[in-house]
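Values quoted throughout were computed directly from the atomic coordinates according to the rules given, and no laboratory measurement underlies them. Since we're looking at a predicted model, the values are computed, not measured. Neighbour counts are summed over all protein chains in view; Cβ atoms, including those assigned to glycine, are modelled from backbone coordinates with ideal geometry.
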Amino acid sequence: MSEIKKVGVLGCGLMGRGIAQVAAQAGFATIARDISDEFTGKAKAAIEKSLGKFVAKGKMSAEDRDAALGNLTFTITVSDLKDCDIVVEAVTEDLELKNELWRELDGLCGPETIFATNTSSLTVAAMAAATDRADRFVGLHFFNPVPLMKLVEVVRTVTTSNDTFATAMEFARKLRKEPIAAKDNSGFIVNLLLVPYLIDAIRAVEQGVGSVEDIDKGMVLGTGYPMGPFTLLDFVGLDTTYKIAEIMFDEYRERRYAPPPLLKRMVIAGMYGKKSGKGFYDYATDPPTVSDLGV
């Protein structure tokens, strides 16, 4: 297996900064890149806040927090990632944007550097093919919130080498995650099963099967799920779910992945869920109340 000492992260959004945080906590020298000082500054502040909560709850010592922060650096320059042993990409689910960055990094990084994408719906092979290191390309799909969620889907393409796959699995374990092996199909394992469930819940509301509140309550109390589908949709982001569903529908052409009309209308209206303050629930109140969806 290859040895990983320095980790690069492309993108400092919610997922990217979470990946950077767990890598730094695990003792890796970590450099995170985004397009502006504003974005990297927000990421740094969010990581400091997250680590501070761990200290306050007694789950981390102040010394370990300081060590993690000491392992972290931020940049707006892609070339600063050239010496990394692995680069994990966590930018918007836009294949062209991702491949533009991969092509640039492919010309900067040494031949031993592993490229890993955190995509949740695009196929890894579609990115590996844009580089000259398809054997050193793998999927590392983390789950939100990264510092708390234990699962990582390690996705192997038809060209991923045995060494790259083994290194990626071991890297996930060193991040104190539980890796599972997944085939390189759109949605991998979790979203392949989860997205149709979420879409069916939206269709159930459209068809008057039950209310948002009752469907959520039914799935929590009837199946033991920690949260109902609409609470989960608001947490994930309706815009994110819509994009993932579109990508998966394009891949499989099956109705179960097609975004329902209600989901499309809500995204157009800017109702993205918790991050926008309103989705299936209205977060202007405490506790949140069910939004008027006109169905």
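Hey, any idea what the orientation-averaged projected area of the convex hull of the stretch 158-201's Cα atoms comes to, in nm²?
3.9
With θ set to phi - 60°, apply the Karplus curve 6.51 cos²θ - 1.76 cosθ + 1.60 along the stretch 172-180 and write out the HN-Hα couplings as whole Hz, x wherever there is a Gly or Pro.
Couplings: 4, 5, 5, 7, 6, 10, 9, x, 10 Hz.
Quick one: Debye curve from the alpha-carbon atoms of the stretch 98-190 only, equal weights, vacuum; give me log10 I(q)/I(0) at q = 0.16 Å⁻¹ to two decimals.
So the normalised log intensities work out to -0.60.
Treat the count of other C-beta atoms within 10 Å as a stand-in for reagent exposure and order I4, I114 from fewest to most.
Lowest to highest Cβ neighbour count: I4, I114.
Note down the magnitude of the dipole of the stretch 1-139 about its Cα centre, charges +1 on Lys and Arg C-beta and -1 on Asp and Glu C-beta and zero elsewhere, to the nearest 20 debye.
600
Based on the Cα atoms of the stretch 256-295, what semi-axes does the equivalent ellipsoid have, where each is the square root of 5 times one gyration tensor eigenvalue, given in whole Å with the largest first?
20, 10, 9
Please give, to one decimal in nm, the separation of the simple spin-label points placed at D83 and Y225, each 7 Å out from Cα toward the Cβ.
The answer from the label model is 4.7 nm.
Would you mind putting 240-252, 97-109 in packing order, based on average other-beta-carbon counts within 10 Å, highest first?
The peptides rank, most packed first, as 240-252, 97-109.
Among A32, A45, A182, whose mean-square fluctuation peaks in a Gaussian network model of the chain (Cα, cutoff 10 Å)?
Sorting by GNM fluctuation, first place goes to A45.
If one takes the longest principal axis of the Cα atoms in the chain, at what angle in degrees, from 0 to 90 and to the nearest 10, does the Cα axis of helix 238-252 lie?
Helix 238-252 sits at roughly 80 degrees to that axis.
Report, in degrees rounded to the nearest 10, the 0 to 90 angle that the Cα long axis of helix 37-56 makes with the longest principal axis of the chain.
Taking Cα atoms only, the helix is inclined about 80 degrees.
What does the charge count around F115 come to, taking other residues whose C-beta lies under 15 Å from its C-beta (Lys +1, Arg +1, Asp -1, Glu -1)?
Value of the local net charge: -3.
May I ask for the net charge around W102, where only other residues with Cβ less than 13 Å from the Cβ of W102 are counted and Lys, Arg are +1 while Asp, Glu are -1?
Charge balance in the 13 Å sphere: -3.
Spin-label point model (7 Å from Cα, Cβ direction): what's the D163 to K49 distance in nm?
Roughly 4.2 nm, to one decimal.
With point charges of +1 on the Cβ of Lys and Arg and -1 on the Cβ of Asp and Glu, referenced to the Cα centre of the chain, which listed residue (I215, T160, G58) lies farthest in the positive direction of the dipole?
G58
Using a simple charge model, +1 on the beta-carbon of Lys and Arg, -1 on the beta-carbon of Asp and Glu, nothing else, what dipole does the stretch 163-256 show about its Cα centre, in debye to the nearest 20?
300
Under 10 Å, Cα contacts only: if you run a Gaussian network model on the chain, which one of T231, T92, T285 comes out with the highest mean-square fluctuation?
Its mean-square fluctuation being the largest, the pick is T285.
Nothing charged except the Cβ atoms of Lys and Arg (+1) and of Asp and Glu (-1): what's the magnitude of the dipole of the chain about its Cα centre? Round to the nearest 20 debye.
I would put it at about 600 debye.
Using only DSSP helix segments of four residues or longer, with each worth -39500 (n - 2.57), what per-residue ellipticity at 222 nm results for the chain after dividing by its residue count and rounding to 500?
-13500 deg cm²/dmol
Net charge near M60, counting Lys/Arg +1 and Asp/Glu -1 over other residues with Cβ under 11 Å of its Cβ?
+1
Taking amide hydrogens as modeled 1.01 Å from N in the peptide plane, which residues meet the under 5 Å criterion relative to G13, leaving out close sequence neighbours?
Here the answer is none, since no amide H 5 or more places off falls under 5 Å of that of G13.
For a label point 7 angstrom out from the Cα of R176 toward its Cβ, which stretches of the stretch 1-38 have the backbone nitrogen within less than 16 Å?
Within reach of a label on R176: 18-29.
Amide H neighbours of T117 under 5 Å, counting only residues 5+ apart in sequence or on other chains, H built in-plane at 1.01 Å?
E89, V138, G139, L140
In a Debye calculation with equal point scatterers on the alpha-carbon sites of the stretch 191-283 and no solvent, what is log10 I(q)/I(0) at q = 0.13, 0.22 Å⁻¹?
-0.39, -1.13
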